[in-house]
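Peer 1: One structure follows; several queries about it will come next.
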Amino acid sequence: MRVGIIGVGCSKFGVRDDVTLQELAFEAVKEAIEDAGISKEDIEMSVVGTAGTRSYELMPAVPINEYCGFTGKGPIRVEAACATGSAAVYTAYSTIKSGIADVVIAIGVEKMNEVDTPTSLAVGGRSGSYLWEFHQYGTTFPGYYAMHASAHMARYGTTEKQLAMVAVKNHRNAAKNPKAQFQKEITLEKALSSRYVAYPLRLFDCSAITDGSAAAILASEEKIKELGLKDQAVWIEGIGYSSDTANLSKRIDYVGLKATVEASRMAYKMAKIDDPVKQLDVAALHDCFTIAEIMAYEDLGFCKKGEGGKFIENGDSDFGGKIPVNTFGGLKAKGHPLGATGVGMVYEIVKQLRGEAGELQVDLKNYKGLTHNIGGTGHFGWVFILGV
Amino acid sequence: MESRTFILKHKLPIARVEKYWKGLEEGKVYGTVCKICGAKYYPPQVDCSKCYNSEVEWVEISGEGTIECFTQLHSFPQGFEFVGRPYTIAIAKFGDFKVMGWYEGDIPKVGEKVKIKTGKDETGVWKVYFEPWGELNEHRL
Ligand SMILES: [Zn+2]
């Protein structure tokens, strides 16, 4: 029995101090229900993905569920750091696969701007292994990825310019995405002259602090037929997941993320993908930092290990290249509201596969796309293959 | 509007790895090795994640280390404002152990050799420091 996505919604990403967490979630849920063209009553179970801590609502699943009118139907609350949204979609998928429910909504939401930047940096830094990392050394999230960047640059000669090219591409795409936090292009010079946040990563190598929500409604194949929604369904053809150690000192190396390699291997096998660049039309990759997108090209098999810098430089991940990556602006420029990010990626790929991406539409040949969502620095790894 | 103030301060149960924290005060950095299967742990732990036994030997990590990756932080998290200047975090390899520490210098190089030291910061927290083995690198920032 296949599981399909029948409706998606996404709020405007950005600094959303105009709404509460509940109101923000409602925006995406309402859009998803209208997109599916079903009644709210058709939904049997809700999954709420939110990483939490930065919002004043410390156990937010039930308040969100209540506000969206799903009291009694769940919620199952999931958390997987920056991959929380993908864990929510996976949980919705599994609930349907197990036969417990036929129509399930995955809601991803995060408000990160309710605390100040030093507090937000501390929450991120504490998300590794607190006692052995943050407590002693004051790690931050940009710092974790910067450590990977230092290793990648030393081993493969990846340059600050190549990192900046990822930011320039993703900002160029976000400029055309009305949901994006930063709807403006940046120049290479601007990116390369911005201040260091965590050497060797500069301000424009980093995703910002974002509020946002996204929702996806999943249903069983039988239910999709019964509801007459076969034409709009996008099928989940492959799912892969993995994880890595909490302590960075226990990793084999710092030039890639093993969780990406393992998750993609699993998803590719399930979806029968052996040449991702040829078989996929579009991909949403986890570019919380520019180095993350470069490592993802390699770890997902879009290019050989160490050639990620060249991949961006050659335009291989741009429109008209080998495989357009982060056509919606990525986490870098659309924004990265942790709980919403993975569901937001699904939203963007569903829009692409339905041919509804407007100015940002890619050419569809295979009608297949990929989402790649990392929690932490490879602490969690998720890959989905979607297709129609 | 602003929420009511909410202070979170946790107690850290370190009873089972007390030797590590005592060691730092004596200038020693300890890892653990499982007596049954030989698995090595840094940070140290007294339960073996591999073979599920809980008999470990404490071994000192010393000698020449090699930096595998690093960063220098310019945006500080809450709790580290006291440093007041960019600080450099590195992971260095000492034989079979990899260790995180604060690098005492400006910007290290991947592959650079370092000595391991211990010390405490202005807030009284003990930690590992890496001292450049040779001459300091040129000041880049
Ligand atoms: Zn053992």
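The values are calculated or read from the model by the stated rules, or taken from the named source; none is laboratory data. Predicted model only: the values in this text are computed from it and were never measured. Cβ sites come from the backbone with ideal geometry, for glycine too, and all protein chains shown count toward neighbours. Accessible surface is based on the protein model in full, side chains and every heavy atom, while ligands, DNA and RNA are left aside. Shrake-Rupley method; radii C 1.70, N 1.55, O 1.52, S 1.80 Å.
Peer 1: Which value, in Å² rounded to 10, gives the accessible area of A:M270 with a 1.4 Å probe and all protein chains present?
Peer 2: Accessible area, nearest 10 Å²: 80 Å².
Peer 1: Which trypsin sites (Lys or Arg not before Pro) does the stretch B:60-119 hold that lie in a coil by DSSP with at most 12 other beta carbons within 10 Å?
Peer 2: Answer by residue number: B:K109.
Peer 1: What's the local net charge at A:G355, with K and R +1, D and E -1, over the other residues with C-beta under 15 Å away?
Peer 2: Overall, the nearby charge balance is -3.
Peer 1: Given a Förster distance of 22 angstrom, what is the FRET efficiency for A:N366 paired with A:K305, based on the Cβ-Cβ distance and rounded to 0.05?
Peer 2: On the way: r = 25 Å, r/R0 = 1.12.
Result of the calculation: an efficiency of 0.35.
Peer 1: While we're here: Compute the FRET efficiency between A:K225 and B:T66 as 1/(1 + (r/R0)^6), taking r as their Cβ-Cβ distance and R0 = 56 Å, and round to the nearest 0.05.
Peer 2: Working: r = 60 Å, r/R0 = 1.08.
Computed FRET efficiency for A:K225 and B:T66: 0.40.
Peer 1: Let me ask something additional. Run down the aspartates and glutamates and flag those whose C-alpha is under 20 Å from the C-alpha of A:K161, throwing out any fewer than 8 positions away in its chain.
Peer 2: Reachable aspartates and glutamates: A:E185, A:E189, A:D205, A:D287, A:E293, A:E298, A:E307, A:E313, A:D316, A:D318.
Peer 1: Could you list the trypsin sites (Lys or Arg not before Pro) in the stretch A:256-301 that lie in coil according to DSSP, counting only those with at most 14 other Cβ atoms within 10 Å of their Cβ?
Peer 2: Sparse-neighbourhood loop trypsin sites (Lys or Arg not before Pro): A:K272.
Peer 1: Same structure again: To the nearest Å, what is the center-to-center distance of the stretch B:1-69 and the stretch A:359-388, using C-alpha atoms only?
Peer 2: Their Cα centres are 37 Å away from one another.
Peer 1: Looking only at other chains, what is the average number of their beta-carbon atoms within 10 angstrom of each beta-carbon in A:149-160?
Peer 2: 3
Peer 1: Compute, for the protein assembly as shown, the length of the dipole vector about the Cα centre, with Cβ point charges of +1 (Lys, Arg) and -1 (Asp, Glu) only. Units Debye, rounded to 20.
Peer 2: Once rounded to the nearest 20, the dipole reads 760 debye.
Peer 1: Okay, next question. Would you look at the GNM of chain B, springs on alpha carbons closer than 10 Å, and say which of B:S75, B:S62, B:S54 moves the most?
Peer 2: B:S75
Peer 1: Here's a follow-up. Round to the nearest 0.05 the FRET efficiency obtained for A:E160 and B:K35 when R0 = 41 Å and r is the Cβ-Cβ distance.
Peer 2: Taking R0 as 41 Å, the efficiency between A:E160 and B:K35 is 0.30.
Peer 1: Let me ask you something else. Counting only other chains, what is the mean number of Cβ atoms within 10 angstrom of the Cβ of each residue in peptide B:60-72? Each step should come with its number before you reach the end.
Peer 2: Details: counts 0, 0, 0, 0, 0, 0, 0, 3, 11, 16, 10, 17, 7.
That average works out to 5.
Peer 1: Once every DSSP H run of n ≥ 4 in chain A is given -39500 (n - 2.57) and the sum is divided by its residues, what mean residue ellipticity at 222 nm do you get, rounded to the nearest 500 deg cm²/dmol?
Peer 2: Details: 14 runs with 143 residues, N = 388.
For chain A, the value works out to -11000 deg cm²/dmol.
Peer 1: When only the heavy atoms of the protein chains count and the probe is 1.4 Å, how do A:D275, A:D116 rank by accessible area, highest first?
Peer 2: The ranking, largest first, comes out as A:D116, A:D275.
Peer 1: Continuing with this model, one more query. For each cysteine in chain B, check whether another cysteine's C-beta sits under 4.7 Å from its C-beta; list those where none does.
Peer 2: B:C69
Peer 1: If I fit a long axis through the Cα atoms of helix A:84-97 and take the longest principal axis of the Cα atoms of chain A, what angle between them do I get, 0 to 90°, rounded to 10?
Peer 2: That works out to roughly 40 degrees.
Peer 1: Pairs A:K40/A:K365; A:K250/B:K109; A:K269/A:K334; A:K310/B:K50; A:K250/B:K28: which are spaced more than 28 Å apart, C-alpha to C-alpha?
Peer 2: A:K40/A:K365; A:K269/A:K334; A:K310/B:K50
Peer 1: Just to confirm the filter: which chymotrypsin sites (Phe, Trp or Tyr not before Pro) across the stretch B:42-141 are DSSP coil and have at most 10 other Cβ within 10 angstrom of their Cβ?
Peer 2: When the chymotrypsin sites (Phe, Trp or Tyr not before Pro) of the stretch B:42-141 are filtered for loop state and at most 10 Cβ neighbours within 10 Å, B:Y52 remain.
Peer 1: I would also like to ask the following. Choose one answer from A:I100, A:I38, A:I291: the residue with the largest mean-square fluctuation in a GNM of chain A with alpha-carbon springs under 10 Å.
Peer 2: The residue with the greatest mean-square fluctuation here is A:I100.
Peer 1: Still on this structure: Please work out the Cα center distance from the stretch A:38-85 to the stretch A:1-23, rounded to the nearest Å.
Peer 2: If we compute the Cα centre of each part, the gap is 11 Å.
Peer 1: Which of A:K258/B:K19; A:K179/A:K351; A:K97/A:K272; B:K22/B:K117 have a Cα-Cα distance over 21 Å? Before the final figure, lay out each step's value.
Peer 2: Details: A:K258/B:K19 32 Å; A:K179/A:K351 13 Å; A:K97/A:K272 19 Å; B:K22/B:K117 14 Å.
Pairs exceeding 21 Å: A:K258/B:K19.
Peer 1: Work out, step by step, the length gained on full extension between B:E81 and B:E131: first 0.36 nm times the residue separation, then minus their alpha carbon distance; give nm to one decimal.
Peer 2: Once the chain is fully extended between B:E81 and B:E131, it gains 15.7 nm.
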